[in-house]
Amino acid sequence: MKNCIIYPGTFDPITLGHVDLVERALRLFDQVIIAIAENLQKQSLFSINERIELASKIFADNKKVKIESFGGLLTGYIKQKETHTILRGLRVISDFEYEFQMASANRVLYPDLETIFLMPSDKYTYISSSIVREIVTAGGDASKFVPPIVTDALKKLF
């Protein structure tokens, strides 16, 4: 798929920072596929189906954004989609080391793969799904970090 970028992640939950990166990527690519990973190593707040539903509702009005899920290796999914570009966000310096390692390993597994790194708007650099999970599990209000539909879903959980 030419001029399409895949944005992989667990998106548990999807944050305003994720939304910002999708919007930025759409300035560069005709289509963004949000590829929601089923991560068996993490304890998820939301099931894979709930994460797909939330992301689908958030981007319901944007025909250039497609929501899918995948299991197994990201490189296998990318090959299946017949594309060569993934999007990763860099918020802070500490993100770079991990993302650099992942991009390098992915390139060994799939030499045609390119990883594009984008930074979110300054107002979203401190937001992560992990921070949102920590806030809500401690009884806090994460509504300033996630879209309203996610706020509602979090309130139902807690």
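Structure values in brief
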{"quantity": "Part-to-part distance (alpha-carbon centres) for segment 96-158 and segment 1-51, which is given in Å", "calculated": "9"}
{"quantity": "Mean ellipticity per residue at 222 nm, deg cm²/dmol - from DSSP H runs of n ≥ 4 across the chain, formula -39500 (n - 2.57)", "calculated": "-12500 deg cm²/dmol"}
{"quantity": "Of 22, 108, 132, the one that fluctuates the most in a GNM where the chain has Cα springs shorter than 10 Å", "calculated": "108"}
{"quantity": "For segment 96-109, 3J(HN,Hα) per residue [Karplus equation, 6.51 cos²θ - 1.76 cosθ + 1.60, θ = phi - 60°, Hz, x = Gly/Pro]", "calculated": "4, 4, 5, 5, 5, 4, 5, 4, 5, 5, 4, 5, 5, 6"}
{"quantity": "Residue order, fewest to most beta carbons within 10 Å, for 124, 7", "calculated": "124, 7"}
{"quantity": "Gyration tensor verdict on segment 9-143 (Cα atoms; rounded if a/c is under 1.5, prolate if a/b is larger than b/c, oblate otherwise)", "calculated": "rounded"}
{"quantity": "Derived scalar couplings ³J(HN,Hα) [segment 66-75; Karplus, 6.51 cos²θ - 1.76 cosθ + 1.60; whole Hz; x for Gly, Pro]", "calculated": "10, 10, 9, 10, 8, x, x, 6, 4, 5"}
{"quantity": "Nearest-ten-degree value, helix 16-25 long axis tilted from longest Cα axis of the chain", "calculated": "30"}
{"quantity": "Cα-centre dipole for the chain with unit charges at Cβ (Lys and Arg positive, Asp and Glu negative), debye to 20", "calculated": "200"}
{"quantity": "Relative contact order computed over segment 4-127 (Cα-Cα under 8 Å; 6+ residues apart), in percent", "calculated": "31"}
{"quantity": "Sequence-distant lysines (8 or more away, or on other chains) whose Cα lies within less than 24 Å of residue 123", "calculated": "57, 144, 155"}
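Any read-out appearing in this document is the output of simple, stated calculations on the displayed coordinates, not a laboratory observation. Predicted, not measured: the structure shown is a model, and the values here were computed from it. Note: ideal-geometry Cβ built from the backbone for every residue, glycine included; neighbour counts use all protein chains shown.
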